[in-house]
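Novice: Take a look at this one; I'll ask things after.
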Amino acid sequence: METAALVIGSFAVVMSATTINVAIAPMMRDLAISHHLAQQFSSVFLGMTVVCAPLAAWIADRFGAWWVFRALLLLYVLVSLLAGVSDSFSAMLIARGLQGLCAGIIQPLSLFLILESALPEKQGRTMSMFGLGVVMAPALGPTLAGFVVELFGWRYTFWLGVPPALIALGLVAWARPVDLHQRVGQGRLDLPGLVLLACLVAVVFAWPPLLAYSTWLAAVLVVAWLLLLVVFWHQQERSEEPLIAPKLFRYPRFLSGILVTVAYGAGMYGSIFLVPLLLQDGLGESAVTTGNLMLLGGLALALSIQMAGQLVDRFSPRLVVMIGLACFAFSCLLLALPASLGLIALGIVLGRIGLGMIIPSLYTAMVRAVPDELLRRGTVVTTLLRQAGGALGITMIGVLLASLSAANLKGWSALPAGSAPYSVIFAMLGLLFLWALRTSRRLN
């Protein structure tokens, strides 16, 4: 019952990452705000998940993991309800930030609580259950939000995560779980590291509008970001209580898993963002057709996650990861050449099968690569970099899409002119996953 509470709670908070995407267009009309301002709802949420993920281990050791889980779920419910009835853009933006804070901490918190109670021979199936929360939620979010926007209005998309969050709170109250991990409490929060991490994330989201204003200033910002990244890394190495525990990166198999995790985050969030745009903007398909194809992909995702958990317990996690990466890379090829709706549907299904097979096997391989005393720190870094990969991926995809759309790609291929920018980006995503496929060979 504790595992069910953790999975459902993760599902509730992670789903908020993508439900708002469907509400952006009607929100712009009702609140009379620009697209750039409305897009801050997604940026603030993703940014807060990245910044707050490292806090999970520290706050769990200080106050107890299950107490933190309950408190954050309750906070999520309250801010979601208030955001849905608010008429203030600023208040709703603050609520999105608090939703991101809850999602950023609850994801790694749930992961290490599940792993600490799982038997070694059942880690794969346990990870597949967790995958239902963190992978199914952002995939199903836009579909569910579409129905809510159509039937009730965009404000109620804030409430979509409330019912599963309340169910999770009820299960926790019923089970009354106890922390197995000894509470430490005396560790100090690495506040300088947290500030540097927040600056790194802020620069990522500030880069696209600056690029539209001045290419030179954007180039300077890239150099500044890289220098800031070096400063952050050195600060983490010197800190007595670092946010991300640099010694984790001394384990080669964990490092390989981290590289695959970043690519996974970019591919998962990037494809969720791109596929509806390809269908509706690039190919002129209806919202109904788009929703049906995304729902088909969601069903394939759910089945593949369950199948992957059983395969990991029987075979090598590395083999399952490689199969998943290969499926997603091939799906990108199909989506880069959208010759027919049937091939697009096949590409969506294959991509979701690939994503579903990666998470349980990748996390199992990474858990086995680090000692038990670093388990909580390892899950924090894994969540942080998956979300960071998603944030970087969406940022870069947005910039590329704007640049390619502005360029004249008519005649670039025999495909419809509107789909040409998407074809280029899907081809690049496919190459990224082929690189990740090569990297994954070093996993156990």
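Novice: Hey, does the stretch 241-250 have a residue that's farther than 24 Å from residue 391 by Cα and within 22 Å of the chain's Cα centre (by Cα)?
Specialist: Taking every residue of the stretch 241-250 in turn, none turns out to be farther than 24 Å from residue 391 by Cα and within 22 Å of the chain's Cα centre (by Cα).
Novice: If you take the residues in the stretch 312-323 that are among the aliphatic types (A, V, I, L, M) and either closer than 29 Å to residue 424 by Cβ or surrounded by fewer than 24 Cβ atoms within 10 Å (Cβ to Cβ) (or both), which one is farthest from the chain's Cα centre (by Cα)?
Specialist: Restricting to residues being among the aliphatic types (A, V, I, L, M) and either closer than 29 Å to residue 424 by Cβ or surrounded by fewer than 24 Cβ atoms within 10 Å (Cβ to Cβ) (or both), the top hit is 319.
Novice: Further question on the same structure: Under 8 Å between Cβ atoms, at least 6 apart or on separate chains: pull out the pairs that start in the stretch 288-312 with a residue that is farther than 14 Å from residue 135 by Cα and touching a residue at least 24 places away in the same chain (Cβ under 8 Å) and end on any residue that is basic (Lys, Arg) and part of a helix (DSSP H, G or I).
Specialist: 310/125; 312/125
Novice: Here's a check for you: in the stretch 208-220, which residue that is modelled with pLDDT of 85 or more and touching a helix residue (DSSP H, G or I) at 6+ places or on another chain (Cβ under 6 Å) is farthest from residue 393 (Cα to Cα)?
Specialist: 217
Novice: Report, by residue number, each residue of the stretch 58-91 that is touching a residue at least 60 places away in the same chain (Cβ under 8 Å) and either farther than 22 Å from residue 11 by Cβ or in contact with a strand residue (DSSP E or B) (Cβ under 6 Å, 6 or more places away or on another chain) (or both).
Specialist: Of everything in the stretch 58-91, those that are touching a residue at least 60 places away in the same chain (Cβ under 8 Å) and either farther than 22 Å from residue 11 by Cβ or in contact with a strand residue (DSSP E or B) (Cβ under 6 Å, 6 or more places away or on another chain) (or both) turn out to be 58, 61, 62, 63, 64, 85.
Novice: Let me ask something else about it. Across the stretch 332-353, what is the number of residues that are assigned to a helix (DSSP H, G or I) and without any contact (Cβ under 8 Å) to a residue 60 or more places away in the chain?
Specialist: Residues meeting the conditions: 10.
Novice: For the list (1) out of contact with any Gly (no Cβ under 6 Å at 6 or more places or on another chain); (2) in a loop (DSSP other than H, G, I, E, B), I need the number of the one condition that residue 164 fails.
Specialist: Answer for residue 164: the failing condition is (2).
Novice: For the stretch 324-345: of the residues being surrounded by fewer than 20 Cβ atoms within 10 Å (Cβ to Cβ) and closer than 22 Å to residue 436 by Cα, which is modelled with the lowest pLDDT?
Specialist: 337
Novice: Just one of the numbered conditions (1) under 25 Å from residue 370 (Cα atoms); (2) modelled with pLDDT under 85 is not true of residue 87; which one?
Specialist: The failed condition is (1).
Novice: Residue 305: more than 19 Å from residue 114 (Cα to Cα), not in a loop (DSSP other than H, G, I, E, B) and not assigned by TED's automatic domain parsing to the domain that holds residue 100, yes or no?
Specialist: Considered against the rule, which asks whether it is more than 19 Å from residue 114 (Cα to Cα), not in a loop (DSSP other than H, G, I, E, B) and not assigned by TED's automatic domain parsing to the domain that holds residue 100, residue 305 comes out as no.
Novice: Out of 172, 178, I need the residue that is in a loop (DSSP other than H, G, I, E, B) and within 23 Å of residue 66 (Cα to Cα). Which one?
Specialist: Of the residues listed, the single one that is in a loop (DSSP other than H, G, I, E, B) and within 23 Å of residue 66 (Cα to Cα) is 178.
Novice: Residues of the stretch 130-160 being of a type in the set (Gly, Ala, Ser) and either assigned by TED's automatic domain parsing to the domain that holds residue 290 or under 18 Å from residue 273 (Cβ atoms) (or both), which ones?
Specialist: Residues satisfying the conditions are 137, 139, 141, 145, 146.
Novice: Of 257, 282, 309, which residue is crowded, with 20+ Cβ neighbours inside 10 Å and modelled with pLDDT of 80 or more?
Specialist: One residue alone meets the criteria, 257.
Novice: Any residue at all in the stretch 85-94 that is within 16 Å of the chain's Cα centre (by Cα) and not assigned by TED's automatic domain parsing to the domain that holds residue 205?
Specialist: Looking through the stretch 85-94, none of the residues is within 16 Å of the chain's Cα centre (by Cα) and not assigned by TED's automatic domain parsing to the domain that holds residue 205.
Novice: Can I ask one more? Specify the residue that is modelled with the lowest pLDDT; the eligible residues are those in the stretch 174-190 that are surrounded by 11 or more Cβ atoms within 10 Å (Cβ to Cβ) and closer than 26 Å to residue 233 by Cβ.
Specialist: The qualifying residue modelled with the lowest pLDDT is 184.
Let's see how each residue does on (1) at pLDDT below 75; (2) in contact with a Pro (Cβ under 9 Å, 6 or more places away or on another chain); (3) closer than 14 Å to residue 130 by Cβ; (4) in the same structural domain as residue 151 (by TED's automatic domain parsing):
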site: 8; (1), (2), (3), (4): no, yes, yes, yes
site: 11; (1), (2), (3), (4): no, yes, yes, yes
site: 23; (1), (2), (3), (4): no, no, no, yes
site: 26; (1), (2), (3), (4): no, no, no, yes
site: 31; (1), (2), (3), (4): no, no, no, yes
site: 35; (1), (2), (3), (4): yes, no, no, yes
site: 42; (1), (2), (3), (4): no, no, no, yes
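Novice: Moving to a separate point now. Can you name the residue in the stretch 285-306 that is crowded, with 19+ Cβ neighbours inside 10 Å and β-branched (Val, Ile, Thr) and, of all such residues, is nearest to residue 357 (Cα to Cα)?
Specialist: 305
Novice: Out of 365, 329, report the one residue that is touching a Gly at 6+ places or on another chain (Cβ under 8 Å), over 30 Å from residue 56 (Cα atoms) and either touching a residue at least 12 places away in the same chain (Cβ under 8 Å) or not assigned by TED's automatic domain parsing to the domain that holds residue 65 (or both).
Specialist: 329
Novice: When the residues of the stretch 150-161 are narrowed to those that are assigned to a helix (DSSP H, G or I) and surrounded by fewer than 21 Cβ atoms within 10 Å (Cβ to Cβ), which ends up farthest from the chain's Cα centre (by Cα)?
Specialist: It comes out as 151.
Novice: While we're looking at this one, here's another question. Any idea how many residues of the stretch 212-247 are of a type in the set (S, T, N, Q) and surrounded by fewer than 12 Cβ atoms within 10 Å (Cβ to Cβ)?
Specialist: Of the residues in that region, 2 qualify.
Novice: Ok, one more. Is there a residue being crowded, with 20+ Cβ neighbours inside 10 Å, more than 19 Å from the chain's Cα centre (by Cα) and among the aliphatic types (A, V, I, L, M) anywhere in the stretch 41-56?
Specialist: There is no residue in the stretch 41-56 that is crowded, with 20+ Cβ neighbours inside 10 Å, more than 19 Å from the chain's Cα centre (by Cα) and among the aliphatic types (A, V, I, L, M).
The values are calculated or read from the model by the stated rules, or taken from the named source; none is laboratory data. What you see is a predicted model; the values in this text were computed from it and never measured. All Cβ positions, glycine included, derive from the backbone under ideal geometry; neighbour counts span all protein chains shown.
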